[in-house]
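Peer 1: Supplied in structure tokens, the structure appears directly below.
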Amino acid sequence: MGRFKHISTAPVPERALIVGVDTGKGDWPLEDSLDELARLVNTADAVVVARETQRLDAPVPKTFVGSGKVEELVGIVRRMHIDIVVFDDELTPSQQANLEKAFGDPVKVIDRTALILDIFGRHATTREGRLQVQLAQLQYLLPRLRGMWSHLMGEQTRGGIGSRFGQGESQLEVDRRIVRDRISQLKHELERLETRRTTQSKARWDSGVWRVALAGYTNAGKSTLLNALTNSGVYAKDELFATLDPTTRSIDLAEGRKITLTDTVGFIQKLPTNLVESFKSTLAEVRAADLVLEVVDAGDENWRKKAEAVEGILSQIGASGIRRVLVFNKCDLLGQDELSELRGSEPQAVFVSAATSSGLAGLLHRIANEASAGDVTLTARIPYEKGMLVKMVHERCQVIREQYEDGGLLVTCKASERMAATLAPYVTEA
């Protein structure tokens, strides 16, 4: 076998240069933002080989970073054999075109938005998730359709027969119309799926099930926490946006109440507006929740800024008024002094480690307290033929006492507002 040379067939990761501009107006330090961008690049299976920064009062309209900096970047690209240049802020279509022209083929130029859309495209698994990602990608692509038919545009400059029909421009308009039609079609399909999701959500509401949603910054450990609380096998991995599609699991609290726990897509700073709009039907699970567990990585020095980013998106989707509990995850990675300091600064928060199951009992106790905060104690006589209602009482309420009588089951329980309304016709004492 020594005569044969081993040839690897594994794909070679793209070499990336990341670029950031500090205008002094951002909420995040530039280096922290670039660190996050580097993680996004790694999630997309590329490798960051260089990073460049520039201080400007405002981005340059033509090339975002100015002609001098572009020349410097071109030199780095040539010298380090860069395949892709990633900008930390969103580029306008003209800026992207000018930069691509400066770097030349085959170097690609993308921005943070395009990178996030690519990652979402890789990780979307359900039909709804794929449709949502495709919609956001086409909305991003539409204003950037250009230059694809420049070989036909050359025909117009030479004059002669056929030069007055404007083939290139017409073809570009055809492409734009195709994209716009596809966007319209995707919106229609998503509206239909959203109607179905709303019906399912209403059914859960009518059933009296108390709903909890996990929300937070990407990679805070929400999926791992869901697995730890419900003993399920939801996909969880140490990478950004590992989970896109909402996953709902049921869980029985110690008091006997059944609740649902839903894992949702993680958030990130500078999350593209088109993406938030496209995923509104998925994020409706957060809006419909009775309680939101805002999961935070306890070991992250920037957790406050990330929590602010989450707050902004929750407000954007109309979920800012829902009761919320701050949950610090990954506490096993902190030293005792660090954990004590964090507990002192956030006394109302819950501290857990999904990886080691530490603190989960306390979290479930906190959820139970929140679920029973609006409960009323009542006694109802439920006819025996209402077997489904008896089952709902045992699943949805905290049963204090029950007695079998001739007229039915006499039960004293603590019930939520919704269950109290369901039991109202049978109440004997409140």
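The values are calculated or read from the model by the stated rules, or taken from the named source; none is laboratory data. Bear in mind that the values here come from a model prediction, so they are computed numbers and not experimental data. Neighbour counts are summed over all protein chains in view; Cβ atoms, including those assigned to glycine, are modelled from backbone coordinates with ideal geometry. Remember, those area values only see protein heavy atoms, side chains included, never the ligands or the DNA or RNA. Shrake-Rupley method; radii C 1.70, N 1.55, O 1.52, S 1.80 Å.
So that you can scan it fast, the table gives a plain yes or no per residue for (1) touching an Asp or Glu at 6+ places or on another chain (Cβ under 6 Å); (2) surrounded by 18 or more Cβ atoms within 10 Å (Cβ to Cβ); (3) within 23 Å of Leu99 (Cβ to Cβ); (4) modelled with pLDDT of 90 or more:
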| residue | (1), (2), (3), (4) |
| --- | --- |
| Ile7 | no, no, no, no |
| Leu17 | no, yes, yes, yes |
| Asn42 | no, no, yes, yes |
| Ala50 | no, no, yes, yes |
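Peer 1: What do you reckon, is Lys187 open to solvent by 30 Å² or more (accessible area, probe 1.4 Å), modelled with pLDDT of 90 or more and charged (D, E, K, R)? Before the answer, list the steps.
Peer 2: Working: open to solvent by 30 Å² or more (accessible area, probe 1.4 Å): yes; modelled with pLDDT of 90 or more: no; charged (D, E, K, R): yes.
The answer is no for Lys187.
Peer 1: Considering only segment 374-383, I want to know if a residue exists there that is of a type outside the set (Asp, Glu), touching a Ser or Thr at 6+ places or on another chain (Cβ under 6 Å) and modelled with pLDDT under 90. Talk me through it step by step, then tell me what you get.
Peer 2: First pass over segment 374-383, keeping only residues of a type outside the set (Asp, Glu): 374, 376-383.
Checking which are touching a Ser or Thr at 6+ places or on another chain (Cβ under 6 Å) leaves us with 379, 381.
Applying the additional criterion that residues be modelled with pLDDT under 90 yields none.
For segment 374-383, residues of a type outside the set (Asp, Glu), touching a Ser or Thr at 6+ places or on another chain (Cβ under 6 Å) and modelled with pLDDT under 90: absent.
Peer 1: While we're here: Which one is farthest from Asn219 (Cα to Cα), of the residues in segment 89-132 that are of a type in the set (Val, Ile, Thr), open to solvent by less than 30 Å² (accessible area, probe 1.4 Å) and not in a helix (DSSP H, G or I)?
Peer 2: Applying the first criterion (of a type in the set (Val, Ile, Thr)) to segment 89-132 yields 92, 107, 109-110, 113, 116, 119, 125-126.
Then drop every residue that is not open to solvent by less than 30 Å² (accessible area, probe 1.4 Å), which leaves 107, 109, 113, 116, 119.
With not in a helix (DSSP H, G or I) added as a condition, the list becomes 107, 109.
Working: Val107: 30, Val109: 26 Å.
Checked segment 89-132; the qualifying residue farthest from Asn219 (Cα to Cα) is Val107.
Peer 1: Identify all residues within segment 32-56 that are assigned to a helix (DSSP H, G or I) and either hydrophobic (A, V, I, L, M, F, W, C) or more than 23 Å from the chain's Cα centre (by Cα) (or both); write none if there are none.
Peer 2: Going residue by residue through segment 32-56, those that are assigned to a helix (DSSP H, G or I) are 32-43.
Leu34, Leu37, Ala38, Leu40, Val41, listed by residue number.
Peer 1: Give segment 350-372 a look and list any residue that's under 30 Å from Pro425 (Cβ atoms) and touching a strand residue (DSSP E or B) at 6+ places or on another chain (Cβ under 8 Å), or say none. Can you show your working first?
Peer 2: If we filter segment 350-372 for residues that are under 30 Å from Pro425 (Cβ atoms), which is where we start, we get 367-372.
Hits for segment 350-372 are Ile367, Glu370, Ala371, Ser372.
Peer 1: Taking the options Arg112, Arg78, name whichever one is of a type in the set (Lys, Arg) and more than 23 Å from Glu31 (Cβ to Cβ). Show your work before the answer.
Peer 2: On the way: Arg112 fails: more than 23 Å from Glu31 (Cβ to Cβ).
Every option except Arg78 fails the conditions.
Peer 1: Scanning segment 392-430 for residues that are among the hydroxyl-bearing types (Ser, Thr, Tyr) and in contact (Cβ under 8 Å) with a residue 24 or more places away in the chain, which turns out farthest from Ile259 (Cα to Cα)?
Peer 2: Restricting attention to segment 392-430, the residues satisfying the condition of being among the hydroxyl-bearing types (Ser, Thr, Tyr) are 404, 412, 416, 422, 426, 428.
From what's left, in contact (Cβ under 8 Å) with a residue 24 or more places away in the chain: 412, 416, 422, 426, 428.
Values: Thr412: 20, Ser416: 12, Thr422: 17, Tyr426: 24, Thr428: 27 Å.
The selected residue is Thr428.
Peer 1: Can Asp35 be described as closer than 21 Å to Leu117 by Cα, at pLDDT 90 or above and not aliphatic (A, V, I, L, M)?
Peer 2: Details: closer than 21 Å to Leu117 by Cα: yes; at pLDDT 90 or above: yes; not aliphatic (A, V, I, L, M): yes.
Criteria met by Asp35.
Peer 1: Another question about this same structure. Scan segment 325-342 and give yes if some residue there is open to solvent by 50 Å² or more (accessible area, probe 1.4 Å) and within 16 Å of Thr264 (Cβ to Cβ), otherwise no. Steps first, answer last, please.
Peer 2: Keep residues of segment 325-342 that are open to solvent by 50 Å² or more (accessible area, probe 1.4 Å), which gives 332-333, 336-338, 340-341.
Keeping just the survivors that are within 16 Å of Thr264 (Cβ to Cβ) gives none.
No, there is no match, as no residue in segment 325-342 is open to solvent by 50 Å² or more (accessible area, probe 1.4 Å) and within 16 Å of Thr264 (Cβ to Cβ).
Peer 1: Check segment 282-302 and report whether any residue there is surrounded by fewer than 19 Cβ atoms within 10 Å (Cβ to Cβ) and modelled with pLDDT under 80.
Peer 2: No, because not a single residue in segment 282-302 is surrounded by fewer than 19 Cβ atoms within 10 Å (Cβ to Cβ) and modelled with pLDDT under 80.
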